[in-house]
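To start, the structure itself, in structure tokens.
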Amino acid sequence: MKALIQRVKSAKVSIEGKEYSSINKGMLIFLGVEKTDTIENAKKLSEKLVKLRIFENENEKMNLSIQDIKGEILVVSQFTLCGDCKKGTRPSFDLAAPPTEANKLYEEFVTLISQHEIPVKTGKFQTMMEISLINDGPVTFMVEK
């Protein structure tokens, strides 16, 4: 399971030109689910991300978590994170989980995050989306579990 995390001032998902969901200050998480991922991966990743200290404290040091700042999270499924670009010029998606399995783990991941009393919004699984964001920093991390 791979998560590309961006610290944002705001972010939104639009589908067919209409706003679907949005957040204010917090994290935009692009989530890729691989064939070998399990519920245990979702649990470990969700625990890691809610505690990840990527927000600045009063001394401008990254020392605060999403919980500390009472931020929001927007989770967007993105199977292309599972793409392998090592060979040739066309990505291989052999490592990506099939849609049915990926959706189950994506939904479980969202549920696990929301259990920490963090407001969570989502994109729409297996849908063409437009993502708008104001990156705060910029601050971007890749986390894998």
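If you go through segment 30-49 one residue at a time, do you hit one that is among the polar types (S, T, N, Q), assigned to a strand (DSSP E or B) and open to solvent by less than 40 Å² (accessible area, probe 1.4 Å)? Lay out the reasoning, then the answer.
Quick first cut of segment 30-49, residues among the polar types (S, T, N, Q) only: 36, 38, 41, 46.
Subsequent filtering for residues that are assigned to a strand (DSSP E or B) retains none.
No, that holds for no residue.
Across segment 96-145, the number of residues qualifying as in contact (Cβ under 8 Å) with a residue 60 or more places away in the chain and among the hydroxyl-bearing types (Ser, Thr, Tyr) comes to 5.
Within segment 8-18, is there a residue that is of a type in the set (D, E, K, R), outside any loop (DSSP other than H, G, I, E, B) and touching a Leu at 6+ places or on another chain (Cβ under 9 Å)? Show your work before the answer.
Step one: list which residues in segment 8-18 are of a type in the set (D, E, K, R), which gives 9, 12, 16, 18.
Within this subset, residues satisfying the condition of being outside any loop (DSSP other than H, G, I, E, B) are 9, 12, 18.
Next cut, touching a Leu at 6+ places or on another chain (Cβ under 9 Å) only: 9, 12.
Yes; the residues of segment 8-18 include at least one that is of a type in the set (D, E, K, R), outside any loop (DSSP other than H, G, I, E, B) and touching a Leu at 6+ places or on another chain (Cβ under 9 Å).
Has segment 62-78 got at least one residue that is of a type in the set (Gly, Ala, Ser) and open to solvent by 20 Å² or more (accessible area, probe 1.4 Å)? Yes: one or more hits.
Would you check which residues across segment 56-110 are assigned to a strand (DSSP E or B) and on the phi > 0 side of the Ramachandran plot and list them? Don't jump to the end; show me each part of the working.
Here is the first cut: in segment 56-110, the residues assigned to a strand (DSSP E or B) are 56, 62-64, 72-77, 84, 92, 96.
Result: no residue meets the conditions.
When segment 1-20 is filtered for residues that are open to solvent by less than 10 Å² (accessible area, probe 1.4 Å) and of a type in the set (Gly, Ala, Ser), the ones remaining, listed by number, are 3, 11.
The values are calculated or read from the model by the stated rules, or taken from the named source; none is laboratory data. Being a predicted model, the structure only gives us computed values, none of them experimental. So basically every Cβ, Gly included, is an ideal-geometry build from the backbone, and we count neighbours across all protein chains shown. Note: accessible area is taken over every heavy atom of the protein model, side chains too, but ligands, DNA and RNA are not part of it. Shrake-Rupley method; radii C 1.70, N 1.55, O 1.52, S 1.80 Å.
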